[in-house]
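The next block holds one structure in the form of structure tokens; read it before the comments.
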Amino acid sequence: MSAAQPTDIVIIGAGFSGLYSIYRLRQDYRVICLEAGDGVGGTWYWNRYPGARVDIKSVEYSYGFDHDLAQEWSWPEVFSGQPDLERYANHVADRFELRQHLRLSTTVTRLHFDQDANRWHVYTSKGDHFVCKYIIAATGALSAPNTPPWPGREKFKGEIYHTTEWPREGIDFTGKRVGQIGTGSTGIQLAPIVAEQAQQLYIFQRTPAFSMPSGNRPMAPELERDWKENYADRRRQMLETYGASLTVLPKLSHDDCSPEERQRILEDAWSSQSAFQLMLVFTDVMTNKSANDAVSKFVHQKIREIVKDPATAELLCPKTYPIGGKRLCIDNGYYQMYNRDNVTLVDVNSAPIIAFTEDGLRTAEREYQLDIIITATGFDAVTGALARIVIEGIDGKKLADKWAEGPTVYLGLMTAGFPNLFMVHGPKTPAAQAQMITTGEWQVDYIAGIIADQEREGLSRIDTTEAAEAWWDEEVEMVSRATVHRFADSWYNGKNIDGKKGGFMIYVGGFPRFAQLSKAAVAEGYKGFVRS
Ligand code: NA7
């Protein structure tokens, strides 16, 4: 163990929020950013499986803090693929000389709060020991991989890959029998590309997802020019919208439209080349069952038209939860892929996966012979990344124990008993319900303001209280009651993982309300915080 290195702020994670935290804070403080990967980009560093692509237009899903960066950078496609997003993260790290603050291939293993000195001790996998006043956990909502604990993994003679840990050099599927478990947005993006190479592809599906064509296309010069002329205004408008993204909002409810109008609106949305437009066909898709059913049925009809085998088409139609209850997926030929002779859909809802075997996978029904298994099984989302670090707060209390029944937080920013530790996109923030780069910048600016106040006033500690956490919980519950998210099992409520407790972990009241409540707390004399 090396000697403790003093610093002011330790940032955990070099994804987009972590990189911006370095940029924002390094002027005034000594800043170190610790990153487990050997490169920057977070989500877009780890998720390098073929087909990985953002579902928000890149002109929106990019930084707004620097005018020249926004003017000079060009996105080749409307919805960028992983290689371009990773290239952008590296460009930002170089252009703004952030690398001197970075420690790559360094996993934070333990955080311990010295309550007498009001300092955090940070320990890493490399044996480093830092001592700092503030921690910024920019650890990501979707960063801790989830692999269900099926037995027999060590027996399997072939290769197993999780989509979040994809080898940089890629995988050659030529002539291979491949099994892919998982049909969320990751599985849906990946499968059509694997199908083009593999001898045989088995898709193991537990729950079908709703998906629509991504509409990705090369960036048109006029679209790029229009955005570059209006970036400042657009970014301000984005922060005033529910999901911090500019979408075409509907004017009519489902019942306001005739059957013919409904069909036309739905067809237009399907071919709109704008992800999520299907959720915005009527004003009441997320709140009125008949409106929601109409959109679901429209997607079922599309699936039945595209997929030739009726039994496969039926299995692909989601019928157990409302559309929008889980994040809508976008795809490039996912449903069409099932018309290939080398693709088989396996229903592991009726016959669950039981174990890995020497030669493949066994379900409750039969064994599948495979050379390669891909687990596209998602994430221990929202809390997973922090839960995997030993975090000891006041009186040595562990965060994992505090959150055993689910995360309790104030404004998604702090958790009581763990002073001077701030989370970006933490539990019960809008997280993936809002465009994460722009809202991440907003949260980092907000945290920077709090730290500046602490320092200006000569204070050494800021914490929150259980009462403030209870108030925030009520707010999170209250806004979630009005939406269909409650009726779907997903990573939003931890129900994607057997036995995970936590309740509803995303704030679905919209980014403007979240920002307004966060700002009001500070403006009203740091309401809900304890400062000393
Ligand atoms: P998701 O959306 O959580 O999808 C994971 C998939 O893996 C989903 O189809 C799961 O089925 C499946 N899964 C998980 N556990 C099992 C078990 N035990 N057996 C069978 N199948 C299983 O993760 P993604 O990576 O696709 O996307 C995450 C987010 O990234 C997405 O929301 C976007 O915001 C971007 P299930 O549906 O749970 O039945």
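The values are calculated or read from the model by the stated rules, or taken from the named source; none is laboratory data. Predicted, not measured: the structure shown is a model, and the values here were computed from it. Every residue, glycine as well, gets a Cβ built from its backbone with ideal geometry; the counts of neighbours run over all protein chains shown. Please note that ligands, DNA and RNA were not included when accessible areas were found on the heavy atoms of the full protein model with its side chains. Shrake-Rupley method; radii C 1.70, N 1.55, O 1.52, S 1.80 Å.
Of note:
- The helix-based estimate of mean residue ellipticity at 222 nm for the chain, built from -39,500 (n - 2.57) per DSSP H run of four or more residues and divided by its residue count, is -9500 deg cm²/dmol to the nearest 500.
- Set of the range 247-273 residues, backbone N closer than 20 Å to the point 7 Å along the Cα-Cβ line of Lys297: 252-271
- Dipole magnitude (debye, nearest 20) for the range 325-367, charges at Cβ of Lys, Arg, Asp, Glu: 300
- For the range 354-445, the solvent-accessible area with a 1.4 angstrom probe is 29 square angstrom per residue.
- Apportionment of accessible area to carbon and sulfur, the range 371-517, percent (1.4 Å): 51
- Segment Asp309..Asp453, full-extension length gain: 45.5 nm, with 0.36 nm per residue of separation and the alpha-carbon distance subtracted.
- For the range 96-200, GluC sites (Glu not before Pro) meeting the loop criterion (DSSP other than H, G, I, E, B) and having at most 11 other Cβ atoms within 10 Å: Glu97, Glu169.
- Computed from point charges on the beta carbon alone (+1 for Lys and Arg, -1 for Asp and Glu), the dipole magnitude for the chain about its Cα centre is near 520 Debye.
- C-alpha long axis of helix 466-481 to longest principal axis of the chain, angle in °: 20
- At most 14 other Cβ within 10 Å, DSSP loop - trypsin sites (Lys or Arg not before Pro), the range 225-256: Lys251
- Charge dipole (debye, nearest 20) of the range 2-50; +1 at Cβ of Lys and Arg, -1 at Cβ of Asp and Glu: 80
- Between the range 80-117 and the range 134-203, the Cα center-to-center distance that results, in Å: 24
- The chain: angle of helix 16-25 to the longest principal axis, Cα-based, in degrees nearest 10: 20
- Cα-based reach from Lys302 at 23 Å (exclusive), listing lysines while leaving out same-chain residues under 8 positions away: Lys289, Lys319, Lys326
- Summing +1 for each Lys or Arg and -1 for each Asp or Glu among the other residues whose beta-carbon sits under 14 angstrom from that of Gly449 gives -2.
- Cα-projected label distance for Tyr526 with Lys126, points at 7 Å along beta-carbon direction, nm: 3.4
- The mean accessible area for residues of the range 164-216, using a 1.4 Å probe and ignoring ligands and nucleic acids, is 36 Å² per residue.
- Taking the protein heavy atoms of the range 1-48 in the context of the full set of protein chains, the accessible area attributed to carbon and sulfur is 47 percent at 1.4 Å.
- Based on C-alpha pairs under 8 angstrom that are at least 6 apart in sequence, the chain has a relative contact order of 20 percent.
- Estimated vicinal HN-Hα couplings, Hz - the range 179-186 in sequence order (Karplus 6.51, -1.76, 1.60; Gly, Pro = x): x, 10, 9, x, 9, x, 4, 5
- Positive-end residue, the chain charge dipole about Cα centroid, Cβ charges, pick of Leu34, Thr375, Ala198: Thr375
- Straight-line cross-link partners of Lys228 among the lysines, defined as a Cα under 21 Å from its Cα and at least 8 positions apart when in the same chain: Lys57.
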